[in-house]
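What follows draws every value from the coordinates through simple rules; no lab data is involved. For clarity, every value in this text was computed on a predicted model and none was experimentally measured. Neighbour counts run over all protein chains shown; Cβ positions are idealised from the backbone, glycine included.
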Amino acid sequence: MRILQLHADSIEYEPVKKEIKAAEEVEQKKYIFNDVLVLLTAVEKGDTKETADLAVEDAKKFMERMKISRLLVYPYAHLSSNLSGPFDAMDMVLGMEKKARELGLEASHAPFGWNKKFAISVKGHPMAEMSRSYAGKPAVKEPKTGVKVAAQPEPIEKLPDNDHRVLGQKLNLFSFQPEAPGMTFYHPGGMILRNELIRFSREKQAAAGYVEIMTPIIMKRGVWEQSGHWDHYKDNMFFTETADAQYAIKPMNCPGSILFFKNSRRSYRELPLRVSEFGMIHRNELSGVLGGLFRVREFTQDDAHLFVRADQLVEELTKVVGLVEEFYNQFGFDFRVELSTRPENSIGSDELWSKAEAALESALRERNLNYRTNPGDGAFYGPKIDFHIKDSLGRTWQCGTVQVDFFMPQRFSVTYVDADGKEATPIIIHRAIYGSLERFLGILTEHYNGAFPLWLSPAQAKVLPITDNNNDYAKHVVSELAAAGIRAEGDYENHTLEYKIRNAATQKVFYTIVIGNKEQDSKTIAVRRRDGHTEYGLKPEEFLKEIQFEVLRRA
């Protein structure tokens, strides 16, 4: 049995069309559940009642920790290619609902055998998305019932033209290979996008007083036991061993930043210390839930950990929120903001929690941001702000987050020397803006439909000589642009000009430069923008100044 467990603010689904004859009879309407644990479930050959009961019992333990009362079992065949027959799967789903009710849960199931439209808003905490796998016993022999069962169709997904996976192939940006499931192969164009996003972030963070570090992607097991990840997250981690120790590949960057901070004796005068890292992390997601750049096993987070004194908390949070706004406004994103407050199973004093929540609210008010409050949905170590980006299809993705943490500094005995010469414990602000660099890039690719702004565009200018006689001058123009830092290339293939222009348009090149005998003789160029606007008789140096200015202002 394969399960993707999602702690959701809400899920809404609507049965649209029967997929198999054996589908349940249900009313075709919208069903809505709020504050619910959703089990996207694929029932596999060999699964038994014991398998299903164990999955529900594990879900109940999680729900008790998270103080959730509602459970929705949602049949989701896409998680596996080793599916059981429809009748067995339906019985298993109904059995899971029954077991959950026996355990005192408020349980429901989505109808089996239907194509369903659904939308889900998943919470932003680290354990909100967890993949699980349960091995069932091999069936001895299936009884003959005399009933012909409609075969479960293979899950087939027709991707829209603006899906980032389609655009990634079409524009030669990135790809995904079976030899490394859930891991991105960046092509040269994709590396340009990635590097420009990182360059933009580095410039903004340097101006805001951040220092950048890099920490190992593999650390000893004891680090993860101390941080709490071993108890709460080990099912989603990768491990390796040597003769003397067991290691884990990091699923989060926090412990590395903390160990960096502890490497030196710190004074209160050093705070706030704003530490950023583009940290590569790995999470062991089930193969069935992987989806392009949106859900991967390897990704890079633009993490930052700010070590602050209590008297600095409000000011630093306000600056962080402003930085998030600045990033998202750069790309023209609409976003919504949520403030999640103290859960029941939290740690720390009432005084500290009240101060932390008030500080987050003050930062949002200072920035004049509207926000929704999620009572009791904070992390057990502190409250947080989540930023949800709306993509080109109207979906929302939780990308940015700002969290106030009293827990990790205590677990790792993080201290600084205060003004009185005594040891004091700092507060850590966890902060990510892109969130997952991969997910953010996927959203951007669809947001722009591959037609990136000039500063991001992998192909900023393409020079098209009309005939071979114009190649030398065309190469000179390419060389001048490239020397000035413009991403330019020439098309010297033996094709018609119309073909070359169509090819450049297909590749969504920002500027197309045409060079014929007239331009060669007058040492000028004809420039066509991606929007169709064309200028003739431009001097290359004039165009160079114009394009450099556009790149510099990141319009």
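Worth a mention:
- Long pairs among LYS45/LYS98; LYS475/LYS500; LYS204/LYS462; LYS384/LYS422; LYS67/LYS250; LYS475/LYS518, criterion Cα-Cα beyond 23 Å: LYS204/LYS462; LYS384/LYS422; LYS67/LYS250
- Mean Cβ neighbour count within 10 Å, used as a protection proxy, ranking 203-216, 479-492 highest first: 479-492, 203-216
- Between the listed residues TYR371, THR445, GLN548, the Cα displaced farthest toward the positive end of the dipole of the chain, a dipole computed from Cβ unit charges relative to the Cα centre, is found at THR445.
- Diffusion coefficient, µm² s⁻¹, Stokes-Einstein with Kirkwood Rh over alpha-carbon pairs of region 2-133 at 20 °C and 1.002 mPa s: 145 µm²/s
- Length-normalised contact order of region 2-133 in % [C-alpha pairs under 8 Å, at least 6 apart]: 43 percent
- Folded to 0 to 90 degrees: helix 313-330 orientation relative to the chain principal axis, Cα: 60 degrees
- In sequence order, calculated HN-Hα J values of region 222-231 (Karplus, 6.51, -1.76, 1.60; Hz; x Gly/Pro): x, 4, 6, 5, 5, 6, x, 5, 4, 6
- Rounded to the nearest 20, the Cβ-based charge dipole of region 461-553 about its Cα centre (Lys and Arg +1, Asp and Glu -1) stands at 320 debye.
- Near the amide H of THR341, within less than 5 Å, lie the amide hydrogens of ASN374, GLY376, ASP377, GLY378, all on another chain or at least 5 residues away, with H placed in the peptide plane.
- Pairwise FRET efficiency - LYS518 versus GLN28, Cβ, R0 = 41 Å, nearest 0.05: 0.05
- Magnitude of the charge dipole for region 2-133, about its Cα centre and with charges confined to Cβ atoms of Lys, Arg (+1) and Asp, Glu (-1), is about 240 debye.
- Listed residue (ALA424, GLY222, PHE174) projecting farthest to the positive dipole end of the chain, Cβ model: PHE174
- Working note: 222 nm ellipticity from helices only, DSSP H runs with n ≥ 4, each -39,500 (n - 2.57), summed and divided by the residues of the chain, gives -10000 deg cm²/dmol to the nearest 500.
- Near the amide H of HIS109, within less than 5 Å, lie the amide hydrogens of VAL73, all on another chain or at least 5 residues away, with H placed in the peptide plane.
- When +1 charges are put on Lys and Arg Cβ atoms and -1 charges on Asp and Glu Cβ atoms, the dipole computed for the chain relative to its Cα centre reaches about 400 debye.
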